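In what follows, a single structure is set out as structure tokens and then discussed.
The values are calculated or read from the model by the stated rules, or taken from the named source; none is laboratory data. This one's a predicted model, so the numbers in the text were calculated from it and none came from an experiment. Because the Cβ atoms are built from the backbone with ideal geometry, glycine has one as well, and the counts that use them run over all protein chains shown. Ligands, DNA and RNA are stripped out before the accessible areas are found, and what is left, the full protein with its side chains, is counted by its heavy atoms. Shrake-Rupley method; radii C 1.70, N 1.55, O 1.52, S 1.80 Å.
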Amino acid sequence: MMKTAASKWVLAAVLMAAPISPAPTLAQTAATSAPLRFETQHSGTFGGKTIRYKAVVEQTPILGADGQAIAQIVATSYIRTDTPKGTVRPVVFVFNGGPGSASVWLHMGIMGPKRVAFTDDVKPETTPPFKITDNPDSPLDVADIVLFDPPGTGYSQVVAGKDPKPSASSRTP
């Protein structure tokens, strides 16, 4: 525990002087590694129903004409898991964010199973920490949800040194 202001400044100076090697971005590893995929299990109340669902976050490489990755698209899927086997559910595809707009608003503001819990919805807080709560208005009770972040928003990125414009209609693997 820091006892004096001087010791806090010394610690800050040491931390700032320490060499920092940045981790490679998701897109920089596209050509050398398998796409990342994470899955977790959850429950929440939507449309007045308590349901179980899984959250899946995964990368999809976007390939250029030469077959090499030019970007990594990251999608977050919410899939209800407590339905009878063989149940067919609709899927809502949401293309999230874009130039000038963070990808968080559709995800944690409207469509996703969680949202920011503001104490005043008319004049919401603008600085963290924010509390997270179930989003009772999420359509997860009636449809599965897939949110895509375009390259340059969220975790989706253009591969370093690649220009995606010539391959705007590229194929995925």
If the cut-off is a Cα-Cα distance under 13 Å, which aspartates and glutamates reach Lys49, setting aside same-chain residues fewer than 8 apart in sequence? Asp82, Asp134, Asp137, Asp141
Alpha-carbon centroid distance for the pair region 35-87 / region 112-147, whole angstrom: 18
In nm, give the distance between the simple-model label positions of Gln41 and Trp105, each being 7 Å from the Cα along the Cα-to-Cβ direction. 3.6
Net charge near Leu36: determine it from the other residues with C-beta under 14 Å of the C-beta of Leu36, scoring Lys and Arg +1 and Asp and Glu -1. -2
Give, in nm to one decimal, the length gained when the segment between Ala143 and Asp120 is fully stretched (0.36 nm per residue of separation minus the Cα-Cα distance). 5.4 nm
Order the peptides 117-126, 42-51, 64-73, 151-160 from the highest to the lowest mean number of other Cβ atoms within 10 Å of their residues. 151-160, 64-73, 42-51, 117-126
Sort 79-86, 109-116 by the packing proxy (mean of other Cβ within 10 Å over each peptide's residues), most packed first. 109-116, 79-86
The summed charge of the Thr45 Cβ neighbourhood (under 15 Å; Lys/Arg +1, Asp/Glu -1) stands at +1
Enter the accessible area per residue of region 109-156 (Å², integer; probe 1.4 Å; all protein chains in place). 60
